[in-house]
Amino acid sequence: MTTTGRRGEATTTADHGGVQLAHTEESSTRQVWRRVVVAALVLVACVLIVYVGRDGYIDNNGGEISVLDATYYATVSLSTTGYGDIVPVTPGARLINILLITPLRILFLLILIGTTLEALTASSREEFRIRRWRSHVRQHVIVCGYGTKGRSAIRALMSNGTPAGQIVVVDSDPRAIEEASSAGFTGVLGDAGRTEVLGRASVEKARAVIVAADRDDAAVLITLTVRQLNPGVPITASVREEENASLLRQSGADSVITSSATSGRLMGLSTDSPRVVAVVEDLLTAGHGLDLVQRQVTQSEVGLGPRQLHDMVLSVTRGGRSLRFDDPLIGTLQSEDLLVVVKSRR
């Protein structure tokens, strides 16, 4: 099944195991129409050449060569049919046939053959691209679900430096996969809770998986399947109901975000503390204002206290344990510490 995305991008889904690579190849419809226009121009040029030199042609049925006769001769000549009822008889007409009509005939045939070959080789070429992608892809991020949450997660990934070529979208909606591939991402069509679908996304070589399913039960199933195929990959999952968060953690999710509870808390805060909500939105919007950043301690920061750093430290992770900035156990920073800091884009 072939579909056409935005900006004329031709993409293939079900014919190649549900994997849809992003590329900017011209759509097949546009290619065919362009060739039809070129073929029509070749035909018109041939008709004009024959009609202008009509005195050098003879019609075995008698009479002068009309526009219709010239069109008829050009058609049968370009298609190499050649019934022989209208033929060039003068040396000049035959010379023009050799120098002009013959090259036009070759060009016309090349257009027809090229269109046929394009249709025959497009599938093989796309299959080769997918096999090459599967052999080279690694350390990519898989986003299960291309809804509002999935698209927002991808925007955050890209703002933090993840290239579009390292993002793979898995969704069961063909329109979502078409939109994702048009945006420059690799799309895998299918249910992310199925082993074979995640296998096509090369989950065993992924560096992270984001579960942005629309339903909590689907998120649990996807998390379980991902954890089975790749026991060590970090999984971030989103749930609607807070009571399902513990179930997702038991299923193998490293981070669980409760969308409904988080939204409710922000709406409650906005009533009495609207500026707090504004700062939180600023922190969650990457690329400008304030940003939340996770980074390693630099050599120049070793031995300093969290409050002595230029960046505002929110937490310190040491030995797998997360400590708040005011925890006295932090003491001074160590070389293996992992920091979560607030940075200003100014």
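The values are calculated or read from the model by the stated rules, or taken from the named source; none is laboratory data. Model, not experiment: these values are computed from the prediction. FYI the Cβ positions are ideal-geometry reconstructions off the backbone, even for glycines, and counts take in every protein chain you see.
Within region 25-37, can one find any residue that is modelled with pLDDT of 80 or more, among the β-branched types (Val, Ile, Thr), over 30 Å from the mean Cα position of the chain (by Cα) and surrounded by fewer than 12 Cβ atoms within 10 Å (Cβ to Cβ)? Yes, region 25-37 has at least one match.
Quick grid of which residues meet (1) of a type in the set (Ser, Thr, Tyr); (2) within 22 Å of Gly199 (Cα to Cα); (3) not assigned by TED's automatic domain parsing to the domain that holds Asp173:
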site	(1), (2), (3)
Ala212	no, yes, no
Ala218	no, yes, no
Thr223	yes, yes, no
Val233	no, yes, no
Ala245	no, no, no
Ala253	no, yes, no
Ile257	no, no, no
Ser270	yes, no, yes
Val276	no, no, yes
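Residue count for region 329-342 satisfying the condition of being closer than 14 Å to Gln294 by Cα and surrounded by 14 or more Cβ atoms within 10 Å (Cβ to Cβ): 6. Among strands (runs of 3 or more DSSP E) entirely within region 176-280, having at least 1 residues that are touching a residue at least 12 places away in the same chain (Cβ under 8 Å) and exposed (fewer than 15 other Cβ atoms within 10 Å of the Cβ) singles out 255-258.
Considered as a group, the residues in region 49-76 that are charged (D, E, K, R) and either assigned to a helix (DSSP H, G or I) or under 54 Å from the mean Cα position of the chain (by Cα) (or both) include one that is surrounded by the fewest Cβ atoms within 10 Å (Cβ to Cβ), and that residue is Asp55.
Evaluating Thr162 against the criteria (1) hydroxyl-bearing (Ser, Thr, Tyr); (2) at pLDDT 95 or above; (3) within 22 Å of Arg134 (Cβ to Cβ) leaves one unmet condition, (2). Return the pair list, or none, for Cβ contacts closer than 7 Å from residues in region 311-328 that are farther than 13 Å from Gln294 by Cα and in a strand (DSSP E or B) to residues that are among the aliphatic types (A, V, I, L, M) and at pLDDT 90 or above, at least 6 apart or on different chains. Matching pairs, first to second residue: Leu323/Val316.
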